[in-house]
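The values are calculated or read from the model by the stated rules, or taken from the named source; none is laboratory data. Since the model is a prediction, treat every value here as computed from it, not as a measurement. Cβ sites come from the backbone with ideal geometry, for glycine too, and all protein chains shown count toward neighbours.
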Amino acid sequence: METIPTVPFLGLRLASFATSDFVGVLIRAASQRARPFRVAYLNAATVNLAFAQPEAARLLAAMDCLYADGQAVVWAARGRGQPIAERINAADFTRAMIRAATAAGLRVALIGGRPGPEGKGGEAERTALVFKRWSEGLRLVYTHHGYFKDEEAEAVRLALEQADPDLVLLGMGSPRQERWAMEWSAAGQPRAWWCVGALFEYYAGTRLRAPRWMRRLGLEWLVRLALEPGRLWRRYLLGNPCSSGGRCAAGRRAGLTGGRRFAYDSNRHSLDLRHASSGITR
């Protein structure tokens, strides 16, 4: 497996490369299938979640590639004197990724999003149709919604193994998607696992994106806040400042996020991973 350039960030290893390099790394890992390759992202919400839930922090630390999806993380890394190459946001380059997967002959699976009404496809299925329009030769071998119960997970995993994809996109939000990436990759054949959050919602047409100029300026969160203020105000109005400043500067006191206090070690300047569960090994 090739070496990924990283910088230290709150006790994690944050990938530092251009989007085009990321696409190449993921396509090669999925093509070679030498071992499981698990990819996840870091933004203000997942940083706050990691401080609140040791298990979420441990899952992020166990990923083989962790990249900056949120602009607050890019700013924070720069403020800590460890700048990264750029923000990598999946929705900005999905079409290029799908075309690269098609060119490489990869078998692709989509698991996540909401289920559809009876007899109709859910967000994963609608996203699959968009991907096929982009690249008719894409080998989409399996889709399933992300709202299955824990007791149903083994059936989903077995169906996935039967389909035998090279690349699996998991769109369930954190830490659920990282949990299944770790558990399923430990139980099945080696393949690439890419945690993509709400990506299927964009292509299924159930969530709007910010204009390109706002995305380039790192202001996409303003659009999401305007669309879902009741659900996201804590994430962005409290979470962005905490993750970009309060948790990345020495001596800052613990703050509030999501209604819960987080623990911050001003000497280590990092997440405390010592008390996280060790039930799943990397």
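The figures follow:
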read-out	value
Unmet requirement for Arg38, which otherwise passes all of (1) charged (D, E, K, R); (2) part of a helix (DSSP H, G or I); (3) under 23 Å from Ala91 (Cβ atoms)	(2)
Count of residues meeting criterion [touching a helix residue (DSSP H, G or I) at 6+ places or on another chain (Cβ under 9 Å) and either assigned to a helix (DSSP H, G or I) or modelled with pLDDT of 95 or more (or both)] in region 14-25	8
Filtered residues of region 1-36 (kept if more than 27 Å from Ala52 (Cβ to Cβ), of a type in the set (S, T, N, Q) and either in contact with a Pro (Cβ under 6 Å, 6 or more places away or on another chain) or surrounded by 14 or more Cβ atoms within 10 Å (Cβ to Cβ) (or both))	Thr19, Ser31, Gln32
Region 142-191, residues that are closer than 23 Å to Ala104 by Cβ and charged (D, E, K, R)	Glu161, Asp164, Asp166, Arg191
Check on Asp64, surrounded by 21 or more Cβ atoms within 10 Å (Cβ to Cβ) and touching a residue at least 60 places away in the same chain (Cβ under 8 Å)	yes
Residues that are of a type in the set (A, V, I, L, M, F, W, C) and buried (at least 24 other Cβ atoms within 10 Å of the Cβ), drawn from region 181-193	Ala181, Ala192, Trp193
Only one of Arg80, Arg58, Arg87 that is more than 28 Å from Phe131 (Cβ to Cβ) and surrounded by 19 or more Cβ atoms within 10 Å (Cβ to Cβ)	Arg58
Residue pairs meeting the criteria (Cβ under 9 Å; at least 6 apart or on separate chains; first more than 20 Å from Ala30 (Cα to Cα), in region 1-13; second assigned to a strand (DSSP E or B) and of a type in the set (S, T, N, Q))	Pro8/Ser270; Phe9/Ser270; Leu10/Ser270; Gly11/Ser270; Leu12/Thr6; Leu12/Ser270; Arg13/Thr6
Condition check for Ile84: closer than 22 Å to Gly24 by Cβ and among the β-branched types (Val, Ile, Thr)	yes
Any hit, region 35-46, residues being out of contact with any strand residue (DSSP E or B) (no Cβ under 6 Å at 6 or more places or on another chain), under 25 Å from Ala186 (Cα atoms) and modelled with pLDDT of 95 or more	yes
Strands (runs of 3 or more DSSP E) (entirely within region 56-172) containing at least 2 residues that are touching a His at 6+ places or on another chain (Cβ under 8 Å), over 22 Å from Pro5 (Cα atoms) and at pLDDT 95 or above	107-112
Yes/no for Gly137 being small (Gly, Ala, Ser) and surrounded by fewer than 22 Cβ atoms within 10 Å (Cβ to Cβ)	yes
Among the candidates Arg212, Arg224, Arg235, Arg207, residue that is at pLDDT below 95 and either loosely packed, with under 15 Cβ neighbours inside 10 Å or more than 19 Å from the chain's Cα centre (by Cα) (or both)	Arg212
